Amino acid sequence: MSGKPIQRVVILGGGTAGWMAAASLSKFLGPLGVAITLIESERIGTVGVGEATIPPIMDFLRVLGIDEDEIVARLKATFKLGIGFRDWTKKGSFYFHPFGPTGFGMGSIAFSSYWLKMMLEGKADRLEEYSMQAVAAREGKFMRPVHAPNTPLNKITYALHFDATEFARYLRVFAEARGVVRHEGMVREVKQHDDGFIDALVLENGEKIEGDLFLDCSGFRGLLIEETLKAGYEDWRCWLPCDRALAVATERTGPPAPFTLSTAREAGWQWRIPLQHRIGNGLVYCSGFMRDDDAHAELFKNLDGKVISEPLPQRFVTGKRKKIWEKNCVALGLSAGFLEPLESTSIHLIQRGIAMLLKFFPDRDFEQADIDRYNKILDFEFSRVRDFLLLHYTQTMREGPFWEHCRSIAFPDSLAEKADLFLSHGRILREDTELFPVQSWLFVMIGQGMRPRKYDPLVDSLDPEKILANLADIKTVVARAAEAMPSHQAFIDTHCAANLQANVATGVTVISNRHGRA
């Protein structure tokens, strides 16, 4: 027996979340004849804080069939191999959190296990020396993977830096070309059925827009999910105390680095995101330990280029909705929750929310089992990202009231277990669908100064001389591969020329799978 199919989807809010949703749904629901409407107002600005992404964004582009080179050219984007963390453990320290795999296993023993043994014995080099992405980033190099055996070049993993506002505009063209109808205006009233489900949105001009499924992309306000449906909000400032940000753009001062730079400051941290034409900068800080005018001074004294935009202040409460899907409304982006951009996860959480919506796409009966499972998955995703961010703040030797406060923060149970397992024998377990793989946890744990008391006893089944030989080979091969790569700027100039011709009909170039896997 077939259900009652969704016929009308209404998206409230544009920005990155709204237009990512519109582009995705137009791709997958268009063939089903579902009408998709997006409502936004030019009077409401968007939050342009996040411009850095993580590797799943490349899958998002490929699934939609969007040409990667054109995105880089149109958005004046750059490539990203990971994140550099400066002054986090203590002033003068630096470590790198790269994307992608590092090293290789020996039989059933993972690289991380045998590297940890040698590190504890003082016989291994820094972890970054064995990562293709970390070494290439340090040298300012970049290329896409090449499909050749026995080389780390076949596993290069990357993401993008781009202007999120321009990305939303690009996706708007994509979505409207596939039937999405945009309405300009502010919502005056939300009409509900007797059971509380949303029936329609009434605009200031009196226009009534009815729908079966509503996506709330209205930002921190959460006009539908919170103000209308009272979903509730989990405040996570007890774990992540930063609650303000100040963003500003500066002129480019040299070739763009293929990585995001995060530098710890007195009461938070500063980001530096290189684009082709400018640098995105910002300071994330805790208002309980730093005044706004002091934050302004802190940011501006640490910029390395001429300021070319007005400072954009933001206030936020880290956390998430208690129910991201309630009745016939699903929240995406800031409406669903906010976790500071320390590991560039904001756009990914939007992407994940869309993907899970498609996986559990409802009919008009809105089965509670689907809704509950969706909420459970997104709760898990948000909480595991929260844990990963919290690890950065608590494992540090930095001085000052803010950092002393961070060291006193008690771990949630999920992070406490992960830390205990690592500190005992260097074990790192990836649970279910959590975003960050073992290698990410390893780089951050080691980078922040955590050291296990012992190593995995099974490593003793390996010949120590063979382990050392393998480590030396990995380091040598990675260094040689990085040396052979073109510079980041040269790669962009060669493959992503700014004069790429757009498709006349849609304004975007669509491919089937031009670049293959990466």
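Give segment 71-114 a look and list any residue that's part of a loop (DSSP other than H, G, I, E, B) and more than 21 Å from the chain's Cα centre (by Cα), or say none. Outline the logic, then answer.
The first filter runs over segment 71-114 and keeps only residues part of a loop (DSSP other than H, G, I, E, B), leaving 75-77, 81, 87-93, 99-105, 107-108, 110.
Residues satisfying the conditions are Asp87, Thr89, Lys90, Lys91, Gly92, Ser93, Gly103, Phe104, Gly105, Gly107, Ser108, Ala110.
Based on what the data block shows, is Leu442 out of contact with any Pro (no Cβ under 8 Å at 6 or more places or on another chain), surrounded by 18 or more Cβ atoms within 10 Å (Cβ to Cβ) and under 17 Å from Gly103 (Cβ atoms)?
So Leu442 passes the test.
Could you run through segment 379-415 and say how many residues are within 27 Å of Met356 (Cβ to Cβ) and either surrounded by 17 or more Cβ atoms within 10 Å (Cβ to Cβ) or not charged (D, E, K, R) (or both)?
The number of residues fulfilling the criteria is 18.
What pairs come out if I take residues in segment 120-131 that are assigned to a helix (DSSP H, G or I) and pair them with residues that are surrounded by 14 or more Cβ atoms within 10 Å (Cβ to Cβ) and of a type in the set (Lys, Arg) whose C-beta lies under 8 Å away, six or more apart or interchain?
What qualifies is Glu128/Arg138; Glu129/Lys475; Tyr130/Lys475.
What number of residues within segment 120-131 satisfy the criterion of being over 21 Å from the mean Cα position of the chain (by Cα) and crowded, with 19+ Cβ neighbours inside 10 Å?
Going through segment 120-131 one residue at a time, the tally reaches 4.
With the requirement that a residue be in contact with a Leu (Cβ under 8 Å, 6 or more places away or on another chain) and over 19 Å from Thr253 (Cβ atoms), what does segment 293-310 give you?
We begin by selecting, within segment 293-310, every residue in contact with a Leu (Cβ under 8 Å, 6 or more places away or on another chain); these are 295-296, 298-299.
Result: Ala295, His296, Glu298.
Taking segment 392-415 on its own, how many of its residues are without any contact (Cβ under 8 Å) to a residue 60 or more places away in the chain and within 20 Å of Asp235 (Cβ to Cβ)?
7
I'm trying to understand the selection: among the residues of segment 149-168, which are hydroxyl-bearing (Ser, Thr, Tyr) and either modelled with pLDDT of 95 or more or surrounded by 23 or more Cβ atoms within 10 Å (Cβ to Cβ) (or both)?
Selection gives Thr157, Tyr158.
Identify, by number, the condition in (1) loosely packed, with under 14 Cβ neighbours inside 10 Å; (2) in contact with a Lys or Arg (Cβ under 7 Å, 6 or more places away or on another chain); (3) assigned to a helix (DSSP H, G or I) that Leu358 doesn't meet.
Leu358 satisfies all of (1) loosely packed, with under 14 Cβ neighbours inside 10 Å; (2) in contact with a Lys or Arg (Cβ under 7 Å, 6 or more places away or on another chain); (3) assigned to a helix (DSSP H, G or I) except (2).
Do the conditions hold for Asp420, that is, is it in a helix (DSSP H, G or I) and exposed (fewer than 14 other Cβ atoms within 10 Å of the Cβ)?
The answer is yes for Asp420.
Looking at (1) surrounded by 19 or more Cβ atoms within 10 Å (Cβ to Cβ); (2) more than 23 Å from Trp19 (Cα to Cα), can you tell me which one Lys376 breaks?
So the condition that Lys376 fails would be (1).
Conditions tested, residue by residue: (1) in a loop (DSSP other than H, G, I, E, B); (2) at pLDDT 95 or above.
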position	(1), (2)
Met1	yes, no
Val10	no, yes
Ala22	no, yes
Ser26	no, yes
Pro31	no, no
Ile39	no, yes
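I'd like the residue in segment 132-182 that is among the aliphatic types (A, V, I, L, M) and part of a strand (DSSP E or B) and, out of all such residues, is nearest to Gly254 (Cα to Cα).
This residue is Leu160.
In segment 319-353, which residues are assigned to a loop (DSSP other than H, G, I, E, B), among the small types (Gly, Ala, Ser) and more than 17 Å from Trp236 (Cα to Cα)?
Once the filter is applied, which keeps residues that are assigned to a loop (DSSP other than H, G, I, E, B), among the small types (Gly, Ala, Ser) and more than 17 Å from Trp236 (Cα to Cα), segment 319-353 yields only Ser344.
Select from segment 195-222 the residues that are farther than 18 Å from Leu349 by Cβ and surrounded by 21 or more Cβ atoms within 10 Å (Cβ to Cβ) and list them in ascending order.
Ile198, Leu201, Gly211, Asp212, Leu213, Phe214 - these are the residues of segment 195-222 that are farther than 18 Å from Leu349 by Cβ and surrounded by 21 or more Cβ atoms within 10 Å (Cβ to Cβ).
Every residue, every condition in (1) outside any loop (DSSP other than H, G, I, E, B); (2) in contact with a Lys or Arg (Cβ under 8 Å, 6 or more places away or on another chain); (3) touching a residue at least 24 places away in the same chain (Cβ under 8 Å); (4) among the aliphatic types (A, V, I, L, M), yes or no:
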| residue | (1), (2), (3), (4) |
| --- | --- |
| Asn375 | yes, yes, yes, no |
| Asp379 | yes, yes, yes, no |
| Phe388 | yes, no, yes, no |
| Glu431 | no, yes, yes, no |
| Ser440 | yes, no, yes, no |
| Arg451 | no, no, yes, no |
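The values are calculated or read from the model by the stated rules, or taken from the named source; none is laboratory data. Computed from a predicted structure; not experimentally measured. Don't worry about glycine lacking a Cβ; one is built from the backbone with ideal geometry, like all the others, and counts go over all protein chains shown.
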